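Working notes for the structure below.
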Amino acid sequence: MVLETQIIRVDEHNIDADLVLKAGEIIRTGGLVAFPTETVYGLGGDALSPEASGKIYAAKGRPSDNPLIVHICRMEDLDHIVKEAPAAAYKLAEAFWPGPLTMIFNKSSVVPYETTGGLDTVAVRFPSHPVARAFIEAAGGYVAAPSANISGRPSPTSVKYVVEDMMGRIDMIIDGGDVELGLESTIIDMTVPRPAVLRPGYVTRQMLEDLLGSVDEDKTMMSNDSTRAPKAPGMKYRHYAPKAELTIIDGAIETVIEYINKETARLKKEGHKTGVIAAEDTVAKYNADICKSIGNRNDERGIARELYRILREFDDEKATVIFSEAFDASGIGQAVMNRLLKAAGHRVIRL
Ligand code: AMP
Ligand code: MG
């Protein structure tokens, strides 16, 4: 079924309350609205409605065992959707909410299994983006929202890519400009005695440990160990991927440049359109068809913001093979490398 998708523009510095109410009304009546958050664009539906959650999976082509994150806009709304929240969760909320942290709790009975992918737990986030907060409030307080992309593709960091993926599939798109962070939230499981990071993000393990003492980490996060199932079901899928085959080349930088240039020269002869993702200090040294700078290699925040846009641009420009330099995987860099590894289907060549 093709829907007529309205696009509205809402300025975060001057929020048009009438427009936001209109968007909220769509959610209250069972429809779907894409909206900006500080991480990536979300695809929202009423989190407490099984039918709305079903529509989200259909619009994205998302496997139904991959649970949705429930977005709230007031701390006091947490109680309604969780069975209990441990004291540690309030500590984290105080430090990082509103913001790019998702916490997993045991769910209360009001949250349908359609929203949680059949799990007894629910993922909750309180975003900081002013438009997201106003929209969630107008929508009734509980908005289930995965990223607003077709399943498997890079998450949208600007409205252009939401339109590309979601036009005709949902009722409304709120254009709030480019996002600020560019990578999905950190996910931490609060249902276990020692909280565990299931997906790395802007809020790093170190930041969590500074508050809670030691914190676990899902061992499947940075490896390709297919004998283990990640605890966040969505992390098992090939994700965030451009259409071209992407390979990460890791090693001493001069050797990496030499290797990639040899490979792209060979692949060009075979008729490929070749691409390279590199830091700004080395990007000029490559001779692929399309060479893109992801910014300063020491600026993880900048790299995080650019990554998905760059992956999407390679699609726009019809690259067929892409090579990427590896970047430092500490701090926020861990989230960057986690997404890059997934986009590459864990294809890494270590020189
Ligand atoms: P997205 O909304 O596209 O950023 O994906 C949401 C991520 O959160 C996926 O990787 C899900 O598997 C994960 N997630 C959501 N709810 C839960 C839950 N109850 N337990 C574990 N992981 C979850
Ligand atoms: Mg996603």
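If you place +1 on the Cβ of every Lys and Arg and -1 on the Cβ of every Asp and Glu, how big does the dipole about the Cα centre of the stretch 172-232 come out, in debye to the nearest 20?
That gives a dipole near 360 debye.
Treating only the Cβ atoms of Lys and Arg (+1) and Asp and Glu (-1) as charged, compute the dipole magnitude of the chain about its Cα centre; round to the nearest 20 debye.
1080
Along the charge dipole of the chain, which of S293, A144, G45 sits closest to the positive end, that is, farthest toward it, with unit charges on the beta carbon of Lys, Arg, Asp and Glu (+1, +1, -1, -1)?
Of the options given, the answer is S293.
Rounding to the nearest 10 and keeping the result within 0 to 90°, find how far the Cα-based axis of helix 253-269 lies from the longest principal axis of the chain.
Rounded to the nearest ten degrees, it is 80.
What is the local net charge at D46, summed over the other residues whose Cβ is closer than 14 Å to its Cβ (Lys, Arg +1; Asp, Glu -1)?
On the way: positive: R28, K55; negative: E25, E51, D77, E114, E137, D171.
Taking every other residue near D46 into account, the sum is -4.
Would you please classify the overall shape of the stretch 73-117 from the alpha carbon gyration tensor, given that a ≥ b ≥ c denote the square roots of the eigenvalues, rounded means a/c under 1.5, and beyond that prolate means a/b larger than b/c while oblate covers the rest?
Because a/c hits 1.5 or more and a/b exceeds b/c, the stretch 73-117 counts as prolate.
Would you list, by chain and number, the lysines whose Cα falls below 26 Å from the Cα of K268, excluding same-chain residues fewer than 8 positions away?
K243, K285, K292, K318, K342
If Lys and Arg each add +1 and Asp and Glu each add -1, what is the summed charge of the other residues whose beta carbon sits under 13 Å from the beta carbon of T255?
Taking every Cβ under 13 Å from that of T255, the sum is -2.
For the chain, what does the helix formula give at 222 nm: sum of -39500 (n - 2.57) over DSSP H segments with n ≥ 4, over the residue count, nearest 500 deg cm²/dmol?
-9500 deg cm²/dmol
Can you spot the aspartates and glutamates whose alpha carbon is less than 16 Å from K231's alpha carbon? Ignore those fewer than 8 places along the same chain.
D65, D120, D189, D216, E217, D218
Starting from the Kirkwood Rh over alpha-carbon pairs, what translational D in µm² s⁻¹ does the stretch 168-219 have by Stokes-Einstein at 37 °C and 0.692 mPa s?
The Stokes-Einstein estimate is 249 µm²/s.
How far apart, in nanometres, would the label points at I7 and S214 be if each is projected 7 angstrom from Cα along the Cα-to-Cβ direction?
Simple spin-label model gives 5.1 nm for this pair.
Farthest toward the dipole's positive end in the stretch 203-268, which of L212, A252, A229, given Cβ charges of +1 (Lys, Arg) and -1 (Asp, Glu) about the Cα centre?
A229
Find out how many positive minus negative residues lie around K160, taking Lys and Arg as positive, Asp and Glu as negative, among other residues whose Cβ is under 14 Å from that of K160.
Charge balance in the 14 Å sphere: -3.
Would you mind checking the tilt of helix 50-60 against the longest principal axis of the Cα atoms of the chain, expressed as 0 to 90 degrees and rounded to 10?
Helix 50-60 sits roughly 20 degrees off the main axis of the chain.
Distance between Cα centroids, the stretch 110-154 to the stretch 216-293: provide it in whole Å.
A separation of 30 Å, based on Cα centres.
What does the stretch 175-292 give for Rg and for Dmax, in Å, if only its C-alpha atoms count?
Gyration radius and largest Cα-Cα distance of the stretch 175-292: 18.9, 56 Å.
Given H placed on each backbone N at 1.01 Å, which residues far from R297 in sequence or on other chains put an amide H within less than 5 Å of it?
For R297, whose amide H was placed from the backbone, the distant partners under 5 Å are E280, D281.
Could you order the peptides 212-218, 31-37, 198-204 from most to least packed, using the average number of other C-beta atoms within 10 Å per residue?
31-37, 198-204, 212-218
Diagonalise the Cα gyration tensor of the chain and give the resulting equivalent ellipsoid semi-axes, square root of 5 times each eigenvalue, largest first, whole Å.
Whole-Å semi-axes of the equivalent ellipsoid: 34, 24, 18.
According to the Kirkwood expression over distinct Cα-Cα pairs, how big is the hydrodynamic radius of the stretch 125-227, in Å? The partial results should precede the final answer.
Details: mean 1/r = 0.0620 Å⁻¹.
For the stretch 125-227, inverting the mean 1/r across all distinct Cα pairs yields 16.1 Å.
Give the relative contact order (percent, whole number) for the stretch 73-147; include only Cα pairs under 8 Å separated by 6+ residues. Spell out each step's value before the answer.
Values: 81 pairs, mean separation 26.9, N = 75.
Computed over the stretch 73-147, the figure is 36 percent.
Can you divide the C-alpha Rg of the stretch 1-116 by 2.2 N^0.38 Å and report the result to two decimal places?
Working it through for the stretch 1-116, the quotient is 1.14.
Below 8 Å, C-alpha to C-alpha, sequence gap of six or more: please give me the relative contact order for the chain in percent.
Values: 793 pairs, mean separation 67.4, N = 351.
Over the chain, the number comes to 19 percent.
Only loop residues by DSSP count here, and only those with at most 15 other Cβ atoms within 10 Å; note down the trypsin sites (Lys or Arg not before Pro) in the stretch 282-351 that meet that.
K318, R347
Give the order of M75, M221 when sorted by the count of other beta carbons within 10 angstrom, beginning with the fewest.
Taking fewest neighbouring Cβ atoms as first place, the list is M75, M221.
Laboratory data are not the source of any read-out in this text; all were calculated from the coordinates shown. Please read all numbers here as calculations on a predicted model, not as lab measurements. Because the Cβ atoms are built from the backbone with ideal geometry, glycine has one as well, and the counts that use them run over all protein chains shown.
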